[in-house]
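Engineer: Dropping the structure in here first, questions after.
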Amino acid sequence: MDNQVLQAIYEMQKEMREGFKSVNERLDTIDKTLARIEENEPEEIMSMLKLINKNIESDHRYNDKKFSELERRIHALEERLNN
């Protein structure tokens, strides 16, 4: 009987060790992923800011072009009205 109890305790201990090993492996994977994210974060932020800046510049050029066209049309209309 004592032998069976010891065997059951041994099996439970073995299962717990395997479970902790699995948890530790998962935590190691999470730690590595987190470290990679933290390491690349400044670069990713700079990339996003550059993309935003590029989009703003593109929008600004588009707006400048449209305003220039409108100014030319207004000027042409003023000329026609004055003549």
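Every number in this text was worked out from the coordinates using simple rules, so none of it is lab data. In this text, all values refer to a predicted model and were calculated from it rather than measured experimentally. Because the Cβ atoms are built from the backbone with ideal geometry, glycine has one as well, and the counts that use them run over all protein chains shown.
Engineer: Within the bounds of the range 59-68, is there any residue that is surrounded by fewer than 10 Cβ atoms within 10 Å (Cβ to Cβ) and either of a type in the set (D, E, K, R) or in contact with a Phe, Trp or Tyr (Cβ under 9 Å, 6 or more places away or on another chain) (or both)?
Structural biologist: no
Engineer: Among the residues of the range 43-53, is there at least one that is free of Cβ contacts under 8 Å to residues at least 60 places away in the same chain, surrounded by fewer than 10 Cβ atoms within 10 Å (Cβ to Cβ), assigned to a helix (DSSP H, G or I) and out of contact with any Ser or Thr (no Cβ under 7 Å at 6 or more places or on another chain)?
Structural biologist: yes
Engineer: Please identify the pairs in which a residue from the range 24-35 that is surrounded by 10 or more Cβ atoms within 10 Å (Cβ to Cβ) has its Cβ atom under 8 Å from the Cβ atom of a residue that is basic (Lys, Arg) and not in a helix (DSSP H, G or I), counting only partners at least 6 apart or on another chain.
Structural biologist: Within 8 Å, no pair qualifies.
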